[in-house]
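Following: one structure in structure tokens, then a few remarks.
The values are calculated or read from the model by the stated rules, or taken from the named source; none is laboratory data. Treat the numbers as computed from the prediction; the structure is a model and nothing was measured. Cβ placement follows ideal geometry from the backbone for every residue including glycine, while neighbour counts extend to all protein chains displayed.
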């Protein structure tokens, strides 16, 4: 078939104007810790200018609420108000140590980046974090290992007292029922109030006293703490 110059230009122009097709993702998240739980998980697909959190920056009130008490509602509301695509609580509650939630389907539409957060329990303000990962345009399976971040909003006193409201000292709970009581509190002298890599809990082995209500034999970790596998279709 012979095409004249004008026709070839028209076809070329049409090809250039076609937008990049959206990616269909299948996501799974695994808790890699020895004895910690993740609170409800929030996944968002968004543009390159949006963030649920940023390392080295002050935590937003919505991030603080999630990191200290596991409540993702304000982060999800803000994301939806920004026309982001969200998946909330895919594990239908807590994700226990060693557990995996899979089969999470996400149509990214025009969004180009992916973020994930969830609080780590029992901690004061630790959370798993994936910040604005650029979604590949090539189909395949991609494995991401996530660190735990410290929101920098609360001292890591390691006292389990039901505290989960923003600004209220203490840890909401040890979901496995394996925390201690009557801890005097760990002295946290860090002045870093920005989001940063979490140093991990200190803990102790005194379940009825000591300085910490966190059990060092169960709840201590080394990064990474979570694995996210993304299948781009």
Of the conditions (1) more than 13 Å from the chain's Cα centre (by Cα); (2) touching a residue at least 40 places away in the same chain (Cβ under 8 Å); (3) part of a loop (DSSP other than H, G, I, E, B), the single one that residue 143 does not satisfy is (3)
Could we say that residue 188 is in contact (Cβ under 8 Å) with a residue 12 or more places away in the chain, outside any strand (DSSP E or B) and surrounded by fewer than 21 Cβ atoms within 10 Å (Cβ to Cβ) here? yes
Looking across the stretch 117-140 at residues that are surrounded by fewer than 17 Cβ atoms within 10 Å (Cβ to Cβ) and in a strand (DSSP E or B), the single one that is nearest to the chain's Cα centre (by Cα) is 133
For the structure I just gave you, tell me whether residue 45 is over 22 Å from residue 177 (Cβ atoms) and surrounded by 20 or more Cβ atoms within 10 Å (Cβ to Cβ). yes
Considering residues that are closer than 19 Å to residue 209 by Cβ and either at pLDDT below 95 or crowded, with 23+ Cβ neighbours inside 10 Å (or both), the number found within the stretch 149-159 is 3
Of the candidates 56, 103, the one satisfying the condition of being in a loop (DSSP other than H, G, I, E, B) and touching a residue at least 12 places away in the same chain (Cβ under 8 Å) is 56
Inspect the stretch 162-170 for any residue being part of a strand (DSSP E or B), surrounded by fewer than 13 Cβ atoms within 10 Å (Cβ to Cβ), within 23 Å of the chain's Cα centre (by Cα) and touching a residue at least 12 places away in the same chain (Cβ under 8 Å) and give the result as yes or no.
no
Being out of contact with any helix residue (DSSP H, G or I) (no Cβ under 9 Å at 6 or more places or on another chain) and farther than 29 Å from residue 220 by Cα narrows 31, 36, 83 down to just 83
